[in-house]
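Remarks on the structure that follows.
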Amino acid sequence: MISPLAYIDPDAKIGTNVEIAPFAFIDKNVIIGDNNIIMPHANILYGTRIGNGNRIFPGTVIGAIPQDLKFKGEETTAEIGDNNLIRENVTINRGTAAKRHTIIGNNNLLMESAHVAHDVIVGSNCIIGNSTKMGGEVVVDDNAIISASVLIHQFCHIGGYVMVQGGSRFSKDVPPYIIAGRDPIAYCGLNLVGLRRHKFTEEQIENIHNAYRIIYMSGLNKTDAKSKIENEMKLTPEIKYIIDFIESSERGIIK
């Protein structure tokens, strides 16, 4: 299961039933769990932690030092969960002193040439499109879909169940459940297809839609819109998520 043409540092810890193809490189201080497939010319570098059941395609580089001039060689990690597909030439840098970890959750698809910078946190069940680039300390919540060639400024937060259209670029937060697109990026309605695929009821969808009508169509500023939602709507888990997202947004949400 492990090719003699692969390089594996003696310090690396490899689980059971792991396939490592010719010309893969496994550095020291690497831990790889069970049932992983690591294809030719994949590079798993210092400080990487990989869970179980992942497929890592050729040209991938996981755990390279951050592209951050403040990085001074501190001990940090790049942590990959379970059952992820990490396609060709994806780069995932390890963390800095800011958060110490770059984290990819479970059941994600990272498409060809995506870049995940230092201290990024990607949840679970996300799709990150071809050539999409994330700046440092970006956070992506569960079940988000980010299409191809999207440029995400550092520190941005992308909510769950969103669809970000291809070619978008943004430096503000994208709240949950919506479609975001156009240039400049803007709210384009609810991600109805995604919500229905995830078994949201029509009542839940209508409540979410009513909240965004207040946020984007009432003419109120975001603070007043949030107060109106809190005072006039039933605080279901979905509505509470929207309120908490807006309240915690440091960069402000997209228009």
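Derivation of every value follows stated rules applied to the coordinates shown; laboratory data play no part. Keep in mind that this is a model prediction, so the values were computed, not measured. With ideal geometry, Cβ positions are generated from the backbone for all residues, glycine too; neighbour counts draw on all protein chains shown.
Quick look at the values:
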quantity: Cα-Cα over 20 Å, subset of Lys133/Lys240; Lys99/Lys222; Lys28/Lys99; Lys13/Lys70; Lys70/Lys99; Lys133/Lys172; calculated: Lys133/Lys240; Lys99/Lys222; Lys28/Lys99; Lys13/Lys70
quantity: Cubic angstrom per residue, convex hull over Cα atoms of segment 89-142; calculated: 59
quantity: Cα-Cα pairs of segment 65-105 separated by more than 11 Å (percent); calculated: 65
quantity: Kirkwood-Stokes translational diffusion coefficient of segment 195-248, alpha-carbon pairs, 37 °C, 0.692 mPa s, µm²/s; calculated: 289
quantity: Förster-model FRET efficiency, 35 Å R0, Thr16 and Leu109, C-beta, rounded to 0.05; calculated: 0.90
quantity: Counting DSSP beta bridges with both ends in the chain, the antiparallel % (nearest 5); calculated: 5
quantity: Quotient of C-alpha Rg and 2.2 N^0.38 Å, computed over segment 135-251; calculated: 1.01
quantity: Two-site label geometry, Leu235 and Asn221: point separation in nm, points 7 Å out along Cα→Cβ; calculated: 2.3
quantity: Cα-centre dipole for segment 7-140 with unit charges at Cβ (Lys and Arg positive, Asp and Glu negative), debye to 20; calculated: 200
quantity: Gln67 versus Ile2: modelled label distance in nm, points set 7 Å from Cα along the beta carbon direction; calculated: 3.2
quantity: Cα-derived Rg over Rh, computed across the chain with Rh taken as Kirkwood radius; calculated: 1.04
quantity: Relative contact order (percent, whole number), segment 195-248, Cα cutoff 8 Å, 6+ residue spacing; calculated: 32
quantity: Compactness relative to 2.2 N^0.38 Å, alpha carbon Rg of segment 7-140; calculated: 0.93
